[in-house]
Each structure stands twice: as C-alpha cells, then as structure tokens.
Amino acid sequence: MGRVVVDVMPKPEILDPQGKAVAGALPRLGFGQFTSVRQGKRFELEVEGPVTPEVLAAAAEAAATVLSNPVIEDVVRVADIETDAAATTTSEGVA
C-alpha cells in the first residue's frame, strides 16, 4: 500500500491570520529565531499498491482541482511519502 502527500499553502499575497498568531506566540515561548510563519494544509492519500508516476499525476490533478482553492492557494508538493521520508523531520528528529 502506498501513500502520497499533498501540501497546500496560501498564496504569498493572501493574509494568513493563523500563521500570524503562531508567529506572535513563538517568541513568547522561547522560539525567537523564527521570523515568519505560514500555515497550510497537508493531505495524505492512500492507494492500493505502489505509488507510480501515474498515481502521482492523478494526485497532482486532484490537488489542483479538489484539494486546493487555486484562487488563494498553491499546491507546493505532491510526493510519495516513502521516497520523501528522508527529508521529513519529526518530533524525534529526522525520519
């Protein structure tokens, strides 16, 4: 069984009140090194069998037409979770 991850973010020109709230809280909580926060959405799509280029293409199409609002959001990543895991950081460190 394979899984595809789709990340969607607000377009840069769109206000992000949730991101601004988090950015304001971080310094108060001791995380002053972060200067900006943008909050987006993450979708994990599960498929039977392996993630093929055709599956990724279908996920990209779904992301552009169903999972995001192209007027205010950009699809920033569509990837196989297994091959993308090396670049993922978790609360326990790098996965």
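The values are calculated or read from the model by the stated rules, or taken from the named source; none is laboratory data. All values derive from a computational prediction rather than experimental measurement. Here the Cβ positions follow ideal geometry from the backbone for every residue, glycine too, while neighbour counts run over all protein chains shown. To get the accessible areas, we keep the full protein, side chains included, count just its heavy atoms, and leave off ligands, DNA and RNA. Shrake-Rupley method; radii C 1.70, N 1.55, O 1.52, S 1.80 Å.
Its Kirkwood hydrodynamic radius, worked out from the mean inverse distance over all distinct Cα pairs, puts segment 1-71 at 14.3 Å.
Between S36 and T83, the distance separating the two model label sites (each 7 Å from Cα on the Cα→Cβ line) works out to 3.0 nm. Surface calculation, 1.4 Å probe, protein heavy atoms: E48 sits at approximately 150 Å² accessible. With respect to the chain, whose longest principal axis is taken over its alpha-carbon atoms, helix 17-28 is tilted by about 50°.
When the Cα positions of P53, G2, A25 are compared along the charge dipole of the chain, A25 comes out farthest toward the positive end, with charges on each C-beta of Lys, Arg, Asp and Glu. Of P12, P50, P27, the residue with the greatest mean-square motion in the GNM of the chain, using alpha carbon springs below 10 Å, is P27. Surface exposure of the chain, expressed per residue as accessible area with a 1.4 Å probe, stands at 68 Å². Enclosing the Cα atoms of segment 41-81 in their convex hull gives a volume equal to 67 cubic angstrom per residue. Shown for the chain: the carbon plus sulfur share of the solvent-accessible area, taken with all protein chains present and a 1.4 angstrom probe, equals 60%.
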